Amino acid sequence: MLRVVLENPLFARLWAAQIVSQAGDWLNRVAVLSLIGSLGGREHFVGIGALFGAELALRLLPSALLGPIAGPVADRVPRRLLMVIADVLRALCVTGLFFVREPQHLGWVYALVATQMGIGIFFDAARTAALPSTVKKSALHDAYTLSSATWSVMLSVGALTGGVLVSRFGVHDVFLIDAATYILSAFCLAGLRLPPVPEQPERFRWRDILLLTDLRRGLDHARSLGIVPILWAKTFWGAAGGYLVILALAGQERFGEASTGDAVGEAALATGVLYAARGVGTGVGPILGRRFIGESDKALKLQTSLGFLVAAIGYAIFGFTHDLVLASVFVAIAHIGGATLWITSTVYWQRHVSDEFRGRIFAIEFLGMDIAFAIGGLAAGLIFDATRSLSVTVWIISGAVAILGATWTWLARDMRPTTAAGLPLSRVDGLPGEEMAP
């Protein structure tokens, strides 16, 4: 799989930027959760579940609001420039978190996180749209699999390292390290030479953005290809946003309450371990799916459906565990499913969508996903505050994931990509359809 890096130097630079920035992202996430846990605490008038749920929502909703702008911008503005500017601005945002020290300043944490993530959607849209231009079409699946594995490794390494650093040196120094990773990512991208963005037949107009005209054009393109259901896979996966809040709650409430020593550090370390286990699962999932099921269109759709089921079962068992090591095992198993459906749904539409629409299709997909994940995270936090039971919260969220997965599978049952002429893509020469995919 690493051969795709050696054979595609443009992808190698994009990959290097991903490594350093995502390592910092997960240092940042553990530190933010630890900061909220320490500044909010049990005496805060809002329950800890709601505080963690709001943090997740504010990581996602700015992306949902700005996604309709980010997609069209990524299809019109030089994508390297967009990524570099986003890196520099995010470095400034996370530096601001260094100065948050008092409970009354908790609102600044949410404001800075929301700003950071709003900027990040432009980076993500540009990176997703640029990636297919850095590799040969035959290497696209390898590139996405490696990107997913890298995200997983950086999640594991960054989260675990973040937990260790917070427990040993405190929360605030981690934010400065994160800022440095964004600057290093910008340096990696500075030498990236991408082809010019495709010339768009329609000029950028704010009226089109407000009326979602550009997104509707992207949706019409997806509809003409017969792939609309795959764009909603991540939206139906949105109940799993509750799992991300559950990991923070488990680190704080079940595994992180130390009778002696630094309780904040103990919670940070437990949270880091659970997030690291999530990273292990996300790294293994797509590789196993490709190895044992395949990468044809039919196989990708099957893996998407199975991903919901594996995740729901893994977390349902996690609800019974009170040992951190055993809990981590089932978190990893659950995210084998989650990562598999995430990658297979992305590869499916990237395989068929025209270059000039990639940014907008990305925006459509993430618009639904961000809103659904925010709702899932807030629901999990409120359920925990109402029941004061982590297990009950996990089981309710897992039930929702299983039901939504079954619903998506039913809606996608007849999905079969077609060309404008109405022929299956697998029967058109030169297109990587169901029967021709490597």
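The values are calculated or read from the model by the stated rules, or taken from the named source; none is laboratory data. Everything numeric here is computed off the predicted structure, so don't read it as measured data. Positions of Cβ are backbone-derived with ideal geometry, glycine not excepted, and every protein chain shown enters the neighbour counts. For the accessible areas, the whole protein counts, side chains as well, though only heavy atoms, and no ligand, DNA or RNA atoms are used. Shrake-Rupley method; radii C 1.70, N 1.55, O 1.52, S 1.80 Å.
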Practice item. Give the residue that is nearest to VAL30 (Cα to Cα), with candidates limited to residues of region 89-139 that are hydroxyl-bearing (Ser, Thr, Tyr) and buried (at least 19 other Cβ atoms within 10 Å of the Cβ). Key: THR128
Check your understanding: Is it true that some residue in region 269-276 is open to solvent by less than 10 Å² (accessible area, probe 1.4 Å), at pLDDT 80 or above and over 16 Å from HIS335 (Cβ atoms)?
Key -> yes
Review point. If you scan region 308-326, which residues turn out to be crowded, with 24+ Cβ neighbours inside 10 Å and farther than 25 Å from LEU231 by Cα?
Key: PHE318
Practice item. Just need a number here: residues in region 380-401 that are assigned to a helix (DSSP H, G or I) and open to solvent by less than 40 Å² (accessible area, probe 1.4 Å). Key: 13
**Study point:** region 78-88, residues that are closer than 25 Å to PHE357 by Cβ and open to solvent by 50 Å² or more (accessible area, probe 1.4 Å)
**Key:** PRO78, ARG80, LEU81, ILE85
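One line per residue, one yes/no per condition, for (1) of a type outside the set (Val, Ile, Thr); (2) in contact with a strand residue (DSSP E or B) (Cβ under 8 Å, 6 or more places away or on another chain); (3) at pLDDT 85 or above:
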| site | (1), (2), (3) |
| --- | --- |
| THR145 | no, no, no |
| THR150 | no, no, no |
| ARG168 | yes, no, no |
| LEU176 | yes, no, yes |
| TYR182 | yes, no, yes |
| PHE187 | yes, no, yes |
| GLU202 | yes, no, no |
Review point. Going by the conditions given, is LEU231 open to solvent by less than 30 Å² (accessible area, probe 1.4 Å), closer than 23 Å to ILE371 by Cα and either of a type in the set (Lys, Arg) or modelled with pLDDT of 85 or more (or both)?
Key: yes
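One line per residue, one yes/no per condition, for (1) under 17 Å from the mean Cα position of the chain (by Cα); (2) touching a residue at least 60 places away in the same chain (Cβ under 8 Å); (3) closer than 30 Å to THR134 by Cβ:
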| position | (1), (2), (3) |
| --- | --- |
| LEU27 | yes, yes, yes |
| LEU39 | no, yes, no |
| GLY71 | yes, yes, yes |
| PRO78 | no, yes, yes |
| PRO103 | no, yes, no |
| ALA111 | no, no, no |
**Study point:** Exclusive hit being modelled with pLDDT of 90 or more and either under 19 Å from LEU140 (Cβ atoms) or in contact with a strand residue (DSSP E or B) (Cβ under 7 Å, 6 or more places away or on another chain) (or both), set THR346, THR304
**Key:** THR304
Exercise for review: Evaluate region 292-299: report whether one residue or more is at pLDDT below 85 and either among the charged types (D, E, K, R) or surrounded by 22 or more Cβ atoms within 10 Å (Cβ to Cβ) (or both).
Suggested key: yes
Review point. Hey, any hits in region 238-247 for a residue that's open to solvent by 40 Å² or more (accessible area, probe 1.4 Å), among the small types (Gly, Ala, Ser) and on the phi < 0 side of the Ramachandran plot?
Key: no
Practice item. Would you point out which residue out of ALA386, ALA380, ALA363, ALA402 is at pLDDT 85 or above and under 16 Å from ALA233 (Cβ atoms)? Key: ALA402
Exercise for review: Have a look at ALA54, ALA64, ALA31 and point out the one that is at pLDDT 85 or above, over 22 Å from GLU266 (Cβ atoms), open to solvent by less than 50 Å² (accessible area, probe 1.4 Å) and part of a helix (DSSP H, G or I).
Suggested key: ALA54
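For (1) surrounded by fewer than 24 Cβ atoms within 10 Å (Cβ to Cβ); (2) in contact with a helix residue (DSSP H, G or I) (Cβ under 6 Å, 6 or more places away or on another chain), each residue gets a yes or a no:
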position: PHE187; (1), (2): yes, no
position: LEU192; (1), (2): yes, yes
position: PRO195; (1), (2): yes, yes
position: GLY218; (1), (2): no, yes
